[in-house]
Amino acid sequence: MKNLKDNEIAIQEIDKCLPQTHCQKCGFVSCMPYAKAIVKKKTTIYKCEPGGTKVVEKIAKITEEKIVKTNIKEIPPELVYVNPEACIGCALCLPKCPVDAIAGAEGFLHTVIVDECNGCGLCIDSCPVDCIVEKKRPKHIPWTDIKAENSKRKFYEKKARDKKYKLENSQDNLEHLKRLLFK
């Protein structure tokens with residue numbers, strides 16, 4: 001990769017072959033920053049556990065890197081489930097899900113939208129009563145390229161919505177402070 005245009009193309013190609021689970025197991029907040037770090041030679045091609053060997057081989061082809069590591073961690077995306085008998089409706093899991101695959105509201109039972117769950121597991125540690133558990137992904141609900149694209153879209157939609165909310169909230173806070181100061 002010799003120039004900026006080549007780098008941008010490589011980043012897009014690498015991002016496209018990543019599973020888009022946004023699980024952060026690679027050490028990055030989502031797949032795109034990981035792809036950028038690979039191209040900039042700031043990390044290795046061996047960190048995508050959900051992608052495993054297939055993804056490493058695709059990335060190696062894109063970056064023209066020789067595969068040297070043989071013990072590649074391979075943990076395909078699982079699914080999470082909410083135990084309805086244990087859920088207290090605290091809603092702490094909702095902001096943790098990067099793709100809004102958990103349905104529910106504070107004070108009500110939550111459930112996972114199984115067809116949209118990317119298996120990242122980020123919601124698990126947020127639960128104070130340990131009602132969210134990871135289970136093996138059934139064969140009839142495979143993680144496909146279509147689901148990866150949907151996960152990527154939902155991830156960026158949620159990110160944009162959160163950014164807009166924070167901006168609106170900070171503007172509201174600023175207006176409130178102005179009213180307090182100039183009373």
* Does D100 satisfy the criteria of being touching a residue at least 40 places away in the same chain (Cβ under 8 Å), acidic (D, E) and under 24 Å from E157 (Cα atoms)? -> yes
* Asked: Which pairs have Cβ atoms under 6 Å, sit 6 or more apart or on different chains, and link a residue in the range 77-91 that is closer than 14 Å to F108 by Cβ to one that is assigned to a strand (DSSP E or B)?
  -> V82/T111; V82/V112; V82/I132
* To do: Filter the range 107-124 down to the residues that are free of Cβ contacts under 8 Å to residues at least 24 places away in the same chain and over 19 Å from E157 (Cα atoms), then identify the one that is surrounded by the most Cβ atoms within 10 Å (Cβ to Cβ).
  => F108
* Somewhere in the range 150-163, is a residue of a type in the set (A, V, I, L, M), closer than 28 Å to G51 by Cβ, out of contact with any Lys or Arg (no Cβ under 8 Å at 6 or more places or on another chain) and not in a strand (DSSP E or B)? -> yes
* Filter the range 78-97 for residues that are in contact with a helix residue (DSSP H, G or I) (Cβ under 9 Å, 6 or more places away or on another chain) and buried (at least 18 other Cβ atoms within 10 Å of the Cβ); which is farthest from K159 (Cα to Cα)? -> V80
* Here is a list of conditions, (1) small (G, A, S); (2) surrounded by 15 or more Cβ atoms within 10 Å (Cβ to Cβ); (3) touching a Gly at 6+ places or on another chain (Cβ under 6 Å), and G104 meets all of them except one; can you say which number that is? -> (3)
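Computed from the coordinates by the stated procedures, all read-outs in this text should not be read as laboratory data. Please read these numbers as outputs of a predicted model, since none were measured by experiment. Quick reminder, even Gly has a Cβ in these numbers, built from the backbone with ideal geometry, and neighbours come from all protein chains shown.
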